[in-house]
Structure formats: structure tokens, C-alpha cells
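Following: one structure in C-alpha cells, then a few remarks.
The values are calculated or read from the model by the stated rules, or taken from the named source; none is laboratory data. Bear in mind that the values here come from a model prediction, so they are computed numbers and not experimental data. Heads up, the Cβs are rebuilt from the backbone with ideal geometry, glycines too, and the neighbour counts pull from every protein chain shown.
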Amino acid sequence: MLNKKSVDDINVKGKKVLVRCDFNVPLIDGKITDVNSPYPIDKKFEAFNFHVINIDGNDFDQIEAAFKEARKTKGMPTAIIAKTIKGKGVSFMEDQAGWHGKAPNDEQYAQAMEELEKAGEALCQK
């Protein structure tokens, strides 16, 4: 068990540290900014001497670039803050809190897979 009281109690000298924050908006109870806003989360990490990278967590190019940047960062931990859209790429699920933790029926599953396959094909054309 980790008996640490704060990040100051953890010795990371000479180690690579990466924190990835994924903010799905909306939450089940509403928008994150209305329920329990963590913002400005980037400034909070910076206060603990983190190198902060803010990205669109649904953009694969930005994700790849962020991990490359994190690998090159020396002497400080890195926080990748990924703002994402829940259900991205599925027309009836995208940005709909009601789909958090809910399984689609067979017809919805087939539609979702079809839409995601088309989105995947488009990514491969880049």
C-alpha cells in the first residue's frame, strides 16, 4: 500500500513520471464544470513543477505527439491533459452522458461498429 501524503513524499529523482488526465465531458451528473470542476487543472500540475501538455484526447496525432514530447522531457514529471468527448464517432452516443456505463442493444451495437469502422478507415487515409 502506498503511504504517501502528497507528491512531495514520492522520490521521482532520475525517474520518468507521466500522469495522463482524461476529462470526458459530460459526466453522468452533468458537465464537469458544474459538478466538481478541476479547472484549471493544468495550473495545478504546473504548481507541482510538472511539464504540462494539453491535447484533444480524440485526436490520435495529438496523442502521439504528446507522448513523444513527454519522452523527451527531462528533469520533471509530465502531465498529459486530454480533453475527450464521450462516445466520439458514434452518432447517437457522442457527448451523451446517458451512455456512460450503459451497453447498447444488438441493433445499436451494429450501428456503432459500422460508424466506427468508417471513422477508422478515414483515419487510415491520412
Taking the condition surrounded by fewer than 15 Cβ atoms within 10 Å (Cβ to Cβ), assigned to a loop (DSSP other than H, G, I, E, B) and aliphatic (A, V, I, L, M), does A103 pass?
yes
Tell me, which residue of region 99-123 that is touching a residue at least 24 places away in the same chain (Cβ under 8 Å) and not charged (D, E, K, R) is nearest to V35 (Cα to Cα)?
H100
So which residues in region 30-47 are surrounded by 13 or more Cβ atoms within 10 Å (Cβ to Cβ) and modelled with pLDDT of 85 or more, if there are any at all?
I41, D42, K44, F45, E46
Has region 112-119 got any residue that is on the phi > 0 side of the Ramachandran plot and not hydrophobic (A, V, I, L, M, F, W, C)?
no
Hits in region 46-97 (condition: in a helix (DSSP H, G or I) and either farther than 24 Å from K16 by Cα or touching a Cys at 6+ places or on another chain (Cβ under 8 Å) (or both))
A97
Within the set of pairs 6+ apart or on separate chains, which have a first residue in region 67-92 that is farther than 20 Å from E46 by Cβ and without any contact (Cβ under 8 Å) to a residue 24 or more places away in the chain, a second that is surrounded by 14 or more Cβ atoms within 10 Å (Cβ to Cβ) and acidic (D, E), and C-beta atoms under 6 Å apart?
G87/E94
Just the residues that are over 16 Å from the mean Cα position of the chain (by Cα), of a type in the set (V, I, T) and either over 30 Å from G14 (Cβ atoms) or exposed (fewer than 15 other Cβ atoms within 10 Å of the Cβ) (or both), please, taken from region 66-98.
V90
